[in-house]
Amino acid sequence: MGWENLGSALITGASAGIGGAFARQLTQQGFDLVLIARRKERLDAISQELQEKYPVKVEGMVTDLSDINENYKIMNSIKEHLDDLDVLINNAGFGIWNTFLQIDAKRHMDQINVHLTSPVLFSHAAI
């Protein structure tokens, strides 16, 4: 991941919305970032924007947190590079719009992984 050259903040759901706002605020304060998001184009755009505006290092990781295996990879990276991590922002999330039974059970599990599993694993690794 190249963390040895990075500073200290990891943000999930960092390519837009509140995650993007967190990224902008932290770079203004001088933090180097590891940004995690699903959409490569948005992730590349915000990474480039931040590096052009501020003297920071930004690494983007395209990852789908609904995949439990991806969660474990990130958790292990956090543990491996814990000395370099000062801030962890678990921001990723998504909504499901329909009745419970009209939504596929896998989609429910995807949401559980993004909203609950990844924050628990990442926070546990960081602490």
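The values are calculated or read from the model by the stated rules, or taken from the named source; none is laboratory data. If you're wondering where the values come from, they're calculated on a predicted model, not measured in any experiment. All Cβ positions, glycine included, derive from the backbone under ideal geometry; neighbour counts span all protein chains shown.
Here the range 91-106 is the region considered, the condition is being of a type outside the set (A, V, I, L, M) and surrounded by fewer than 13 Cβ atoms within 10 Å (Cβ to Cβ), and the residue that is nearest to Ile68 (Cα to Cα) is Lys106.
Looking only at residues of the range 16-52 that are in a helix (DSSP H, G or I) and acidic (Asp, Glu), we find that the one that is surrounded by the fewest Cβ atoms within 10 Å (Cβ to Cβ) is Glu52. Only residues that are among the acidic types (Asp, Glu) and under 18 Å from Ala16 (Cβ atoms): list them for the range 53-101, please. Hits for the range 53-101 are Glu59, Asp64.
Each row is one residue, and each column tells you yes or no for (1) closer than 18 Å to Leu33 by Cα; (2) touching an Asp or Glu at 6+ places or on another chain (Cβ under 6 Å); (3) at pLDDT 95 or above.
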| site | (1), (2), (3) |
| --- | --- |
| Gly60 | yes, no, no |
| Leu85 | yes, no, no |
| Ala92 | yes, no, yes |
| Ile103 | no, no, yes |
| Arg107 | no, no, yes |
| Thr117 | no, no, yes |
| Ile127 | no, no, no |
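Where helices (runs of 4 or more DSSP H) fall entirely within the range 53-127, those with at least 1 residues that are closer than 12 Å to Leu10 by Cα are at 68-80, 118-126.
When Tyr72 is tested against (1) touching a residue at least 24 places away in the same chain (Cβ under 8 Å); (2) loosely packed, with under 14 Cβ neighbours inside 10 Å, just one condition goes unmet, and that condition is (2). I'm trying to understand the selection: among the residues of the range 16-51, which are more than 28 Å from Met109 (Cβ to Cβ), of a type in the set (Asp, Glu) and at pLDDT 95 or above? Matches in the range 16-51: Asp44, Glu49.
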